[in-house]
1. Can you list residue pairs whose Cβ atoms sit under 8 Å apart, with the first residue in segment 192-209 being closer than 14 Å to ALA236 by Cα and of a type in the set (Lys, Arg) and the second being modelled with pLDDT of 90 or more and not in a loop (DSSP other than H, G, I, E, B)? Count only pairs 6 or more apart in sequence or on different chains.
2. Exactly one condition in (1) over 22 Å from ALA289 (Cα atoms); (2) in contact (Cβ under 8 Å) with a residue 60 or more places away in the chain; (3) surrounded by 14 or more Cβ atoms within 10 Å (Cβ to Cβ) is not met by GLY213; state its number.
3. Yes or no: LYS206 under 26 Å from PRO43 (Cβ atoms), of a type in the set (Lys, Arg) and buried (at least 18 other Cβ atoms within 10 Å of the Cβ)?
4. Identify all residues within segment 185-203 that are among the small types (Gly, Ala, Ser) and loosely packed, with under 14 Cβ neighbours inside 10 Å; write none if there are none.
5. Residues to consider are TYR12, TYR59; find the one that is outside the structural domain of PRO215 (by TED's automatic domain parsing), over 16 Å from GLY213 (Cα atoms), in contact with a Lys or Arg (Cβ under 9 Å, 6 or more places away or on another chain) and touching a residue at least 40 places away in the same chain (Cβ under 8 Å).
6. Which of (1) surrounded by 10 or more Cβ atoms within 10 Å (Cβ to Cβ); (2) aliphatic (A, V, I, L, M); (3) more than 25 Å from PRO243 (Cα to Cα) is the odd one out, the single condition ALA332 does not satisfy?
7. Consider GLY272 carefully, then state whether it is modelled with pLDDT of 90 or more and under 19 Å from ALA236 (Cβ atoms).
8. Among the numbered criteria (1) free of Cβ contacts under 8 Å to residues at least 40 places away in the same chain; (2) among the small types (Gly, Ala, Ser); (3) assigned to a loop (DSSP other than H, G, I, E, B), which one does GLY285 miss?
Amino acid sequence: MSQQDWLDKDFYAVLGVSKDADAQAIKKAYRKKARDLHPDRHPDDPTAEDRFKQVGEAYSVLNDPEQRKQYDAIRAMGAGGARFAAGPGGAGGGAGFEDLFGSMFSGGGSRGGFGGGGFSGSGASGVNIEDLMGMFGQGGGFPGGAGGQAGFRGAAPGEDISARTRIGFRDAAQGTEVTLDVGGRRVTARIPAGVKDGQKIRLRGKGRPGQGGAPAGDLLLTLDVTPHPVWTADGADLRITVPVSFDEAVLGTRLQVPLLDGGTVTVKVPAGTPAGRSLRVKGKGLKTAKRTGDLLVQIQVAVPSHVEGDAKKAVEDLREALAGEDPRAGLAEAASR
């Protein structure tokens, strides 16, 4: 982050705290802002991510006592209109260091040199010279001198990273932990229970590391979920299709239905249950952070591919007994509406 950024940006306003706020108040304000402005809570707002990053940027500076001290000193200089740019004869023709120090230490802000403030204490702006010296270079010197290099030190938050991974249905349903190779680094990430195919999740602090102790960026992970031959998920609800015989559907029965965790549950199939009906078993679906879903058992009537002997005779007798019933009654009339 450049010195001009610090001059132009009011980090206290970004976090909504006063300039004399203590570290606890700053941390509390940051957590609230980060939670309220998180992009996942504003999927239709294209500015959400920028506002979220501004909050992280402000916190990375104000949470560090040394950086906050430097920032306050720079902002105090900026209040007098000073800017870092080329001086007379340089590119840009803007105010140079002569203006900068003149505005800080002379009572009238003249370009002729330092005024009554001197190097012994604070200038007219109230900035201590020791604070100022500590802002230049690594050794506290002025730009170009033996003390260090030009420019202000600032810590930039780490960048967000996008990645993609494939997990099995059971891992997606129950939650799992995956290890990824992201940008040459091994990253371990916890996948919450109940994620679905194509879902994007944001893993905070798993992106690129920040500079100078600033927060790391986030990992934006897209999940590809491998379908299961038996189970499907509908939110937190689990679905399973269970075949029953014709007589079980007609006369009713009790089924032992498998559960995702390896157990079973007894499900009552009422007499006369048609194919395609779903029977709900409360609390036997997925357990997510938001709720526990249900198990939906869809009935599929198994029709024999061929019958003979007594079985065939029994079916023929049933057909004769039910000759007066038309399962398609009203279909043509409804279709013509």
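1. Once the first residue is closer than 14 Å to ALA236 by Cα and of a type in the set (Lys, Arg) and sits in segment 192-209, its partners that are modelled with pLDDT of 90 or more and not in a loop (DSSP other than H, G, I, E, B) give LYS196/ALA172; LYS196/LEU223; LYS196/VAL225; LYS196/ALA233.
2. Among (1) over 22 Å from ALA289 (Cα atoms); (2) in contact (Cβ under 8 Å) with a residue 60 or more places away in the chain; (3) surrounded by 14 or more Cβ atoms within 10 Å (Cβ to Cβ), the lone unmet condition for GLY213 is (3).
3. Values: under 26 Å from PRO43 (Cβ atoms): yes; of a type in the set (Lys, Arg): yes; buried (at least 18 other Cβ atoms within 10 Å of the Cβ): yes.
Answer is yes for this residue.
4. Listed by number, the list holds a single entry, GLY198.
5. After applying the criteria, what remains is TYR12.
6. Of the numbered conditions (1) surrounded by 10 or more Cβ atoms within 10 Å (Cβ to Cβ); (2) aliphatic (A, V, I, L, M); (3) more than 25 Å from PRO243 (Cα to Cα), the odd one out for ALA332 is (1).
7. In short, no.
8. (1)
The values are calculated or read from the model by the stated rules, or taken from the named source; none is laboratory data. Quantities reported herein were computed from a predicted structural model and do not represent experimental measurements. Because the Cβ atoms are built from the backbone with ideal geometry, glycine has one as well, and the counts that use them run over all protein chains shown.
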